[in-house]
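J.: Below is one structure. I have some questions about it.
The values are calculated or read from the model by the stated rules, or taken from the named source; none is laboratory data. None of these values were measured; they are calculated from a predicted model. Glycine also receives a Cβ, built like all others from the backbone with ideal geometry; neighbour counts cover every protein chain displayed. Ligands, DNA and RNA are stripped out before the accessible areas are found, and what is left, the full protein with its side chains, is counted by its heavy atoms. Shrake-Rupley method; radii C 1.70, N 1.55, O 1.52, S 1.80 Å.
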Amino acid sequence: MAELRGVLVFLLSVGAAAAVWPQPQFLSVATEGGCRLSARRFRFAYADSSAVGPGCDVLDQAFRRYWALLFSVARNDSDKLTVSDEQMLLTAYTVWGALRGLETFSQLAWRNDDGTFCINKTDVVDFPRFPHRGLLLDTSRHYLPLKAILETLDAMAYNKLNVFHWHIVDDPSFPYESIMFPDLSWKGAYHPATHVYTVSDVKTVIEHARLRGIRVIPEFDTPGHTQSWGPGTPGLLTPCYAGLSPTGSYGPVNPILNATYQFMAKFFAEVSAVFPDFYIHLGGDEVDFSCWKSNPEIQTFMQKMGFGQDYAKLESFYIQRLMDIVSAYVKSYVVWQEVFDNGVKLKPDTLIHVWKENAGPYQEEMACVTKAGYRALLSAPWYLNHISYGQDWLAVYQVEPLAFEGSAEQKALVIGGEACMWGEYVDVTNLTPRLWPRAGAVAERLWSNQTVRNLEDAYMRLVDFRCVLLRRGIRAEPLFTGYCDYEYTAF
């Protein structure tokens with residue numbers, strides 16, 4: 001998504017102010033002046049000095065979406081928005097910044113008692129604190145229909161999140177329909193016709209995300225979390241043994257066979273072609289070594305390589321070869337923190353994804369990763385599949401990603417983080433209310449200034465924003481006892 005300098009102008013005809021979520025870097029609302037928004041007279045238009053004009057699909061479609069959102073009822077992202085009595089002017093360095101500015105503009109509009117929409121005279125200067133503001137969805141443990149993923153992308157855009165981390169396959173099922181290896185989903189999905197993502201589905205997700213300024217980073221986690229790969233790829237997984245006899249069960253990917261790497265080269269060539277983002281998430285977490293330890297051929301290989309009984313070295317051997325394969329496709333990779341912890345030789349542009357809390361404070365891991373010179377993503381305190389009764393968004397909101405011991409140079413290597421929604425107990429029936437507005441707390445922490453910490457103010461704005469989400473058709477759960485004006489009409 002290359003930078004694109006330009007200016008946009010909103011032309012319109014000639015109270016109370018709406019809250020904005022996430023909190024802008026600078027916002028000034030005048031007590032006088034402003035406009036009434038008329039559906040018959042309001043339009044979006046490109047300024048004469050704009051570097052782009054009609055034909056920019058991202059902005060042309062955004063204009064239609066945000067017009068509908070306004071009137072349907074009755075750094076790269078940096079932007080500046082000025083509202084006066086005669087016009088609204090949005091100046092952005094990139095089309096992606098213009099998208100974020102349109103979202104801010106849509107939230108500034110408020111509804112009068114007579115049902116009309118108004119906007120106060122307002123100045124906004126805004127940009128994100130972190131460039132990587134992500135959300136992970138797990139579509140293996142429970143299959144999420146395409147419609148649910150597209151709705152989630154819409155809600156991400158409303159929250160100014162910009163990376164969709166698609167944890168598309170795992171042990172329980174393989175719903176990704178591979179062109180080159182169709183048996184992976186035919187034999188590994190819950191159902192080969194109804195519970196798969198076709199080539200068309202994947203393209204739809206990528207395009208839907210692109211038009212909203214959201215990158216799609218797929219994750220194909222290996223060598224562990226691969227039980228669903230086995231039925232469609234005989235010989236890929238490690239046979240487990242009891243003594244000298246196979247048990248009939250299988251463990252992680254078999255790392256000692258050339259056939260394994262030949263398969264991975266072909267598979268990731270396809271993945272690299274299908275997903276245009278520069279990064280692929282390679283996983284590398286939670287590898288159970290017990291099956292490897294039981295297999296006599298792997299024991300022999302361990303001795304030959306001089307690994308002794310250190311099976312983390314065998315995992316590193318596999319990961320190293322896989323990363324070399326992916327690098328050949330002019331891609332780089334994200335890995336879970338175990339890959340770094342095990343001492344794998346990583347490219348300088350590798351992203352280390354910090355997720356563990358039980359093994360020690362995640363702050364210590366952030367310090368170690370950045371001290372080694374690698375960029376870090378934080379997810380450890382933002383597992384939104386974990387819930388509790390009441391205002392559990394508060395703990396999520398109060399996380400400070402840079403609260404670890406380290407130099408200014410180290411902290412500059414933290415490029416953001418991701419909220420994670422793992423799917424053991426989450427499917428389409430409860431995905432949206434469990435995500436929103438709680439994921440919005442992560443979104444504000446990653447977008448807004450570090451000084452934005454007032455919990456009372458955040459609560460009031462988030463309550464208001466939750467009602468905005470309801471009006472837009474997002475079934476966000478309540479934060480309070482009461483009601484929103486639109487909760488009975490939006491569904």
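J.: Based on this model, can you work out whether Ala403 counts as in a loop (DSSP other than H, G, I, E, B), small (Gly, Ala, Ser) and open to solvent by 40 Å² or more (accessible area, probe 1.4 Å)?
T.: Values: in a loop (DSSP other than H, G, I, E, B): yes; small (Gly, Ala, Ser): yes; open to solvent by 40 Å² or more (accessible area, probe 1.4 Å): yes.
Yes.
J.: I've got another one for you. Sort out which residues of region 403-442 are among the hydrophobic types (A, V, I, L, M, F, W, C) and closer than 29 Å to Ser173 by Cβ, and write them in order of number. I'd like the intermediate steps shown before the answer.
T.: We begin by selecting, within region 403-442, every residue among the hydrophobic types (A, V, I, L, M, F, W, C); these are 403-404, 408, 412-415, 419-422, 426, 428, 431, 435-436, 439, 441-442.
Residues satisfying the conditions are Ala419, Cys420, Met421, Trp422, Val426, Val428, Leu431, Leu435, Trp436, Ala439, Val442.
J.: When the residues of region 28-74 are narrowed to those that are in contact with a Lys or Arg (Cβ under 7 Å, 6 or more places away or on another chain) and surrounded by 17 or more Cβ atoms within 10 Å (Cβ to Cβ), which ends up nearest to Thr91 (Cα to Cα)?
T.: Gly34
J.: Please verify whether region 279-287 includes one or more residues that are modelled with pLDDT of 95 or more and either open to solvent by 30 Å² or more (accessible area, probe 1.4 Å) or of a type in the set (S, T, N, Q) (or both).
T.: Looking for residues that are modelled with pLDDT of 95 or more and either open to solvent by 30 Å² or more (accessible area, probe 1.4 Å) or of a type in the set (S, T, N, Q) (or both), one finds none in region 279-287, hence no.
J.: Here is a check on your reading of the model: is Asp457 among the acidic types (Asp, Glu) and either surrounded by fewer than 16 Cβ atoms within 10 Å (Cβ to Cβ) or outside any helix (DSSP H, G or I) (or both)?
T.: Criteria met by Asp457.
J.: Right, next: Give me the pairs, please: first residue somewhere in region 133-155 and buried (at least 22 other Cβ atoms within 10 Å of the Cβ), second residue anywhere and in a strand (DSSP E or B) and among the β-branched types (Val, Ile, Thr), beta-carbon distance under 8 Å, and either six or more positions apart or on two chains.
T.: Sorted first by the residue in region 133-155, then by its partner, the pairs are Arg133/Val163; Gly134/Val163; Gly134/Ile217; Leu135/Val163.
J.: Run down Pro223, Pro234, Pro218, Pro276 and say which single residue is open to solvent by 60 Å² or more (accessible area, probe 1.4 Å) and closer than 18 Å to Ser173 by Cα.
T.: Result: Pro234 is the single residue among Pro223, Pro234, Pro218, Pro276 that is open to solvent by 60 Å² or more (accessible area, probe 1.4 Å) and closer than 18 Å to Ser173 by Cα.
J.: Related question: Can you pull out every residue in region 156-187 that is open to solvent by less than 10 Å² (accessible area, probe 1.4 Å), over 27 Å from Arg471 (Cα atoms) and of a type outside the set (A, V, I, L, M, F, W, C)?
T.: His167, Asp170, Ser173, Pro175, Tyr176, Ser178, Ser185
J.: Scan (1) within 25 Å of Gln410 (Cα to Cα); (2) assigned to a helix (DSSP H, G or I); (3) open to solvent by 50 Å² or more (accessible area, probe 1.4 Å); (4) not hydrophobic (A, V, I, L, M, F, W, C) for the single condition Glu365 breaks and write down its number.
T.: Just one mismatch for Glu365, condition (3).
J.: Counting just the residues of region 296-313 that are open to solvent by less than 20 Å² (accessible area, probe 1.4 Å) and in contact with a helix residue (DSSP H, G or I) (Cβ under 6 Å, 6 or more places away or on another chain), which one comes out farthest from Asn342 (Cα to Cα)?
T.: Within region 296-313, the match that is farthest from Asn342 (Cα to Cα) is Ile298.
J.: Of Lys356, Lys304, which residue is more than 23 Å from Ser272 (Cβ to Cβ) and assigned to a helix (DSSP H, G or I)?
T.: Lys304
J.: Within region 314-351, how many residues are surrounded by 21 or more Cβ atoms within 10 Å (Cβ to Cβ) and closer than 17 Å to Phe263 by Cβ?
T.: 5
J.: May I ask you to verify whether Arg100 is under 21 Å from Ile474 (Cα atoms), in contact with a Lys or Arg (Cβ under 6 Å, 6 or more places away or on another chain) and either open to solvent by 10 Å² or more (accessible area, probe 1.4 Å) or at pLDDT 80 or above (or both)?
T.: yes
J.: What tally of residues in region 60-97 results from selecting those that are at pLDDT below 90, hydroxyl-bearing (Ser, Thr, Tyr), part of a strand (DSSP E or B) and touching a Gly at 6+ places or on another chain (Cβ under 9 Å)?
T.: Total meeting the criteria: 0.
J.: Quick check on Thr260: is it open to solvent by 40 Å² or more (accessible area, probe 1.4 Å), among the β-branched types (Val, Ile, Thr) and farther than 30 Å from Ala62 by Cβ?
T.: Taking the combined requirement at face value, the residue does not satisfy it.
J.: Select from region 406-415 the residues that are of a type in the set (D, E, K, R) and assigned to a strand (DSSP E or B) and list them in ascending order.
T.: Restricting attention to region 406-415, the residues satisfying the condition of being of a type in the set (D, E, K, R) are 409, 411.
Selection gives nothing.
J.: With the condition kept exactly as written, say whether any residue in region 378-389 is surrounded by fewer than 15 Cβ atoms within 10 Å (Cβ to Cβ), more than 24 Å from Gln23 (Cα to Cα) and hydroxyl-bearing (Ser, Thr, Tyr).
T.: yes
J.: For Leu469, indicate whether it is part of a helix (DSSP H, G or I), closer than 21 Å to Val163 by Cβ and either touching a Lys or Arg at 6+ places or on another chain (Cβ under 8 Å) or open to solvent by less than 30 Å² (accessible area, probe 1.4 Å) (or both).
T.: For Leu469, the condition - part of a helix (DSSP H, G or I), closer than 21 Å to Val163 by Cβ and either touching a Lys or Arg at 6+ places or on another chain (Cβ under 8 Å) or open to solvent by less than 30 Å² (accessible area, probe 1.4 Å) (or both) - is met.
J.: Ok, one more. State whether one or more residues within region 417-431 are in a loop (DSSP other than H, G, I, E, B), out of contact with any strand residue (DSSP E or B) (no Cβ under 8 Å at 6 or more places or on another chain), open to solvent by less than 40 Å² (accessible area, probe 1.4 Å) and of a type in the set (Asp, Glu).
T.: The answer is no, given that none of the residues of region 417-431 is in a loop (DSSP other than H, G, I, E, B), out of contact with any strand residue (DSSP E or B) (no Cβ under 8 Å at 6 or more places or on another chain), open to solvent by less than 40 Å² (accessible area, probe 1.4 Å) and of a type in the set (Asp, Glu).
J.: Do any strands (runs of 3 or more DSSP E) lying entirely in region 134-250 carry at least 2 residues that are under 26 Å from Tyr333 (Cα atoms), within 15 Å of the chain's Cα centre (by Cα) and among the β-branched types (Val, Ile, Thr), and which ones are they?
T.: So the answer is 215-219.
J.: Here is a check on your reading of the model: is Val463 open to solvent by less than 60 Å² (accessible area, probe 1.4 Å) and outside any loop (DSSP other than H, G, I, E, B)?
T.: Answer is yes for this residue.
J.: Is region 6-26 home to any residue that is surrounded by fewer than 19 Cβ atoms within 10 Å (Cβ to Cβ), at pLDDT 75 or above and outside any loop (DSSP other than H, G, I, E, B)?
T.: Yes, region 6-26 contains at least one residue that is surrounded by fewer than 19 Cβ atoms within 10 Å (Cβ to Cβ), at pLDDT 75 or above and outside any loop (DSSP other than H, G, I, E, B).
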